[in-house]
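These notes concern the structure reproduced below.
The values are calculated or read from the model by the stated rules, or taken from the named source; none is laboratory data. Since we're looking at a predicted model, the values are computed, not measured. Positions of Cβ are backbone-derived with ideal geometry, glycine not excepted, and every protein chain shown enters the neighbour counts. Calculation scope for accessible area: heavy atoms of the full protein, side chains included, ligands and nucleic acids excluded. Shrake-Rupley method; radii C 1.70, N 1.55, O 1.52, S 1.80 Å.
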Amino acid sequence: MDHAIFQSVRTFVANYGYWAVALALLLENAGIPVPGESTLLVASFLAYSEHQLNLGWIIVIGTCAATIGDNLGYFLGLYGGRPLLDRYQRFSGFRQPR
């Protein structure tokens, strides 16, 4: 099971490169459960071993995507908050008493 997940993350990063790193870290830091750290580790591994990516650009893109994703998650909670949870409670699993 773990090997299949690793291979799918590796294929995703190998095919999409920096875009995969940016998307995974942005979504993870916005609050969506995506393997962002694993994607970052695989991208760093590809930069070191196979020279497909540049480690400097991985650091810059990862930092920017994590910051933007964190701010996006903050503003979703700030401006959405309780009304957003009430509207989509059937998807989130949160009911009114909680």
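Here are the numbers for the structure shown:
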item: A14 vs. criteria under 14 Å from the mean Cα position of the chain (by Cα) and in contact (Cβ under 8 Å) with a residue 24 or more places away in the chain; result: no
item: Selected residue (criterion: nearest to H3 (Cα to Cα)) from residues of the stretch 26-59 that are loosely packed, with under 14 Cβ neighbours inside 10 Å and hydroxyl-bearing (S, T, Y); result: S49
item: Hey, L72 open to solvent by 40 Å² or more (accessible area, probe 1.4 Å), at pLDDT 80 or above and either part of a helix (DSSP H, G or I) or not β-branched (V, I, T) (or both) or not; result: yes
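Results for (1) within 12 Å of the chain's Cα centre (by Cα); (2) more than 30 Å from L85 (Cβ to Cβ); (3) modelled with pLDDT under 90, shown as yes or no for each residue.
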residue	(1), (2), (3)
A24	yes, no, no
V42	no, yes, yes
L55	no, yes, no
G62	yes, no, no
